[in-house]
Amino acid sequence: AEMQQTTQELGIEENEPQQAASRKLSKSEMKSLLLILASIALWYIGYNAITSKYSLYASRVLDMDYNTTLLLAQAAAIVSYLPAGMVASKIGRRKTILAGVVMLTSAFAIASFLRAGSSVLLMNVLFCLAGIGWATINVNSFPMVVEMCSGADIGKYTGYYYTASMAAQIVTPVLSGALMDLTGRMTILFPYAAI
């Protein structure tokens, strides 16, 4: 309080309004929040299934040593973070996220058909597309969660977001691995991620 008074007296900062109080979500807002959190969990389940199992998949299905495809996906994502935010400011977060979902799903669906001897270039392009789709989803999903709350609840809603995303990252290696064991086929990985 003393620091705030001193900075105001010196004209360093203006008087800021008190943080907004917590508010209860309506039924429709709560439904939207739960659907967004479920979507976040599903995005992470799909994407992290690939990142956690791809090195094994590459050696057993594609008959190649671990290569740079995952690095390309991350590089494409990093390059796409700012443009994804700018696109969302023009067309909206929902449409931007849906475009990212289409990119990510398409990349994984097409990769489902690649086998040993398939084009490494095609796999690299697909992983770049997946990285761009992932960035487009990621950059815009967190703000969708926190914009539903008042300033006093940002920490709580951030916790909701990270609970959904981290729980998905814990569950997906187990689920995808169990599915591969159950079917006896590693080739189920990319269809699993696409779905």
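The values are calculated or read from the model by the stated rules, or taken from the named source; none is laboratory data. Small disclaimer: the values here were computed from a predicted structure and weren't measured. Because the Cβ atoms are built from the backbone with ideal geometry, glycine has one as well, and the counts that use them run over all protein chains shown. Ligands, DNA and RNA are stripped out before the accessible areas are found, and what is left, the full protein with its side chains, is counted by its heavy atoms. Shrake-Rupley method; radii C 1.70, N 1.55, O 1.52, S 1.80 Å.
Select from segment 125-179 the residues that are of a type in the set (D, E, K, R) and open to solvent by 30 Å² or more (accessible area, probe 1.4 Å) and write down the one among them that is modelled with the highest pLDDT.
Lys156
Please determine whether any residue of segment 121-139 is in a helix (DSSP H, G or I), closer than 17 Å to Val61 by Cα, out of contact with any helix residue (DSSP H, G or I) (no Cβ under 7 Å at 6 or more places or on another chain) and among the aliphatic types (A, V, I, L, M).
Among the residues of segment 121-139, at least one is in a helix (DSSP H, G or I), closer than 17 Å to Val61 by Cα, out of contact with any helix residue (DSSP H, G or I) (no Cβ under 7 Å at 6 or more places or on another chain) and among the aliphatic types (A, V, I, L, M), which makes the answer yes.
Go through (1) without any contact (Cβ under 8 Å) to a residue 12 or more places away in the chain; (2) more than 28 Å from Met64 (Cβ to Cβ) and name the single condition Gly151 misses.
Looking at each condition in turn, Gly151 falls short on (1).
Considering segment 55-105 alone, what residues qualify as being part of a helix (DSSP H, G or I) and either in contact (Cβ under 8 Å) with a residue 60 or more places away in the chain or of a type in the set (Lys, Arg) (or both)?
Scanning segment 55-105 gives Leu56, Tyr57, Arg60, Ala73, Ala77, Lys90, Arg93, Arg94, Lys95, Leu104, Thr105.
Filtering segment 53-69 down to residues that are closer than 17 Å to Cys128 by Cα and either of a type in the set (Ser, Thr, Tyr) or in contact with a helix residue (DSSP H, G or I) (Cβ under 6 Å, 6 or more places away or on another chain) (or both), which residue is surrounded by the most Cβ atoms within 10 Å (Cβ to Cβ)?
Checked segment 53-69; the qualifying residue surrounded by the most Cβ atoms within 10 Å (Cβ to Cβ) is Thr69.
For segment 180-195, enumerate the residues that are under 18 Å from Phe113 (Cα atoms) and part of a helix (DSSP H, G or I).
Correct list: Met180, Thr183, Met186, Thr187, Ile188, Leu189, Phe190, Pro191, Tyr192, Ala193, Ala194.
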